[in-house]
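Visitor: One structure is given below, represented as structure tokens, and several questions about it will come after.
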Amino acid sequence: MNSLRDLCIEKLSTQRQDIDTSNIMWNKRAEEFSKNVLSEKDDYIDYFLSHADIKNKTVIDIGCGSGKYLKLLLDQGAIVEGLEPSINMIKKSKEYLNSSGYDSDKIIIHNVALQDFEIKKQYDYVFISNSPVISYFENYDKILSLAKEGIFIGSWLESRDSLLDYVSKKLNIKIKGHGGNSSIYFFNLLLEDTRKVCFETLDSEQIIKIKENLFIERYANWIYGVNYTDNDISKILDIISKLKDENGLYQINKSSKRSMIFAYK
């Protein structure tokens, strides 16, 4: 029988990450994604800060996206760098940092995938939030080698969206659930490799009201894939058009479970 470590490696080695396809998706969705994520309540940063004093410490945010955590880490006095393969996401990140009072030209954001990132130094901490990099074992050793003191990983385990479920049912298209067990496999690898590891889960349920421009691209991506078209978006809009209220908002019942990991030597 395989060891636990072998099992986790196997689960994280089913395929290699397709960076080109990923960049197509995030370049298309950068505008919508940045509006969404910047408006969401934060939970990860509080957990990270409960385990690490990052003032004047170096932190690299892997998969920094539209800059939400770059800003929050900077607010705590950290010396921050980002890593993000999508050029449109980097543009949104720089816009957000500038609007938050930081000079984005003074903040290094590496426009490269983690797999191709050349390690020239270590950072005190590695910060990873909802990034697919933890779903691929090829990234495991590199993530560990980047961190001198600790690693934070926040990730979706599962998520439900009532409106998305309704749309996919109407279209008779089965969609892959959002989230997965990658962080659990990653957690067990860290334990097997004698890291000290803290692990917590966070459950949430909420009812939100939201404009269609904040979710329509996401739905099209999840239902039709990265090559979704304007016609695909129109099909979704036709289905939901009668569901918005007098203010043009859609009600969505959302539930989720997320994991939070802090590993240190």
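Visitor: With θ set to phi - 60° and the Karplus curve 6.51 cos²θ - 1.76 cosθ + 1.60, what are the ³J(HN,Hα) couplings of segment 205-222 in order, to the nearest whole Hz, using x for Gly and Pro?
Guide: Those phi angles translate into 9, 7, 10, 10, 10, 8, 7, 5, 5, 9, 9, 5, 5, 4, 4, 4, 5, 5 Hz.
Visitor: Determine the gain in length on full extension of the stretch L49-S204; use 0.36 nm per residue of separation and subtract their C-alpha separation, reporting nm with one decimal.
Guide: So the chain would gain 53.7 nm between L49 and S204.
Visitor: I've got another one for you. Could you calculate the contour length gain from N98 to N36, that is, 0.36 nm times the residue separation minus the distance between their Cα atoms, to one decimal place in nm?
Guide: 20.5 nm
Visitor: What residue among Q206, Q17, Q122 has the largest mean-square fluctuation in a Gaussian network model of the chain, using Cα springs under 10 Å?
Guide: Q206
Visitor: Using a 10 angstrom cutoff on alpha carbons, build the Gaussian network for the chain and name the most mobile of N88, N36, N247.
Guide: Among N88, N36, N247, the largest mean-square fluctuation in the Gaussian network model of the chain belongs to N247.
Visitor: Is there a quick way to get the dipole size of the chain? I mean about its Cα centre, with the Cβ of Lys and Arg at +1 and of Asp and Glu at -1; what is the value in debye to the nearest 20?
Guide: Around 220 debye, computed over the chain.
Visitor: Taking the Cα centre of segment 202-263 as origin, sum charge times position over the Cβ atoms of Lys and Arg (+1) and Asp and Glu (-1), and report the length of that vector in debye to the nearest 20.
Guide: In total the dipole reaches around 180 debye.
Visitor: Can you tell me which of 132-140, 229-237 comes out highest on packing, and rank the rest after it, using the mean Cβ neighbours within 10 Å?
Guide: In descending order of packing, they fall as 132-140, 229-237.
Visitor: Let me ask something else. With a 10 Å cut-off between alpha carbons and a GNM built on the chain, which of K148, K174, K28 moves the most?
Guide: K174
Visitor: Quick one: give the max-minus-min coordinate of the C-alpha atoms of the chain along each principal axis, largest first, in Å.
Guide: Principal extents (Cα only, largest first): 54, 54, 33 Å.
Visitor: So if R0 is 35 Å, what FRET efficiency would T229 and E10 give, r being the distance between their Cβ atoms, rounded to the nearest 0.05?
Guide: The computed FRET efficiency comes out at 0.45.
Visitor: Can you work out the Karplus-derived ³J(HN,Hα) for every residue in segment 139-156? Use 6.51 cos²θ - 1.76 cosθ + 1.60 with θ = phi - 60°, whole Hz, and x for glycine or proline.
Guide: Values per residue, Gly and Pro as x: 8, 4, 5, 5, 4, 5, 6, 6, 9, 7, 10, x, 9, 10, 9, x, 8, 6 Hz.
Visitor: In whole angstrom, note down how far apart the Cα centers of segment 115-161 and segment 212-265 are.
Guide: 26
Visitor: Now for a different question. Hey, which of these cross-link pairs are over 18 Å Cα-Cα: K35/K92; K209/K242; K121/K142; K209/K254; K235/K257; K35/K68?
Guide: Long pairs (Cα-Cα over 18 Å): K235/K257.
Visitor: May I ask you to compute the full-extension gain from F117 to S162, defined as 0.36 nm times their residue separation minus their alpha-carbon distance, rounded to one decimal in nm?
Guide: Roughly 12.4 nm would be gained on extension.
Visitor: Rounded, prolate or oblate: which fits segment 107-157, taking a ≥ b ≥ c as square roots of the Cα gyration tensor eigenvalues, rounded meaning a/c under 1.5, else prolate when a/b beats b/c?
Guide: Rounded, since a/c falls under 1.5.
Visitor: Can you pull the one-decimal nm distance between simple spin-label points at E192 and D141, each 7 Å off the Cα toward Cβ?
Guide: A separation of 1.5 nm, rounded to one decimal place.
Visitor: Another one. Binned at 10 Å from 0, what are the whole-percent values of the Cα-Cα distance distribution for segment 85-197, short to long?
Guide: Taking all Cα pairs of segment 85-197, the binned fractions are 11, 31, 31, 20, 6, 0 percent.
Visitor: Report the Rg/Rh value for segment 141-265, based on alpha-carbon coordinates and the Kirkwood definition of Rh.
Guide: With Rg and the Kirkwood Rh in hand, the quotient comes to 1.11.
Visitor: Sticking with this structure for a sec: Please compute the Kirkwood hydrodynamic radius of segment 206-254 from all pairs of different C-alpha atoms, in Å with one decimal.
Guide: Here the Kirkwood hydrodynamic radius works out to 11.4 Å.
Visitor: Summing -39500 (n - 2.57) over the DSSP H runs of n ≥ 4 in the chain and dividing by its residue number, what mean residue ellipticity at 222 nm do you reach, to the nearest 500 deg cm²/dmol?
Guide: Roughly -12000 deg cm²/dmol at 222 nm, from the helical runs in the chain.
No value in this document is a laboratory result; all are computed from the given coordinates. None of these values were measured; they are calculated from a predicted model. When we count neighbours, we look across all protein chains shown, and the Cβ atoms used for this are built from the backbone with ideal geometry, even at glycine.
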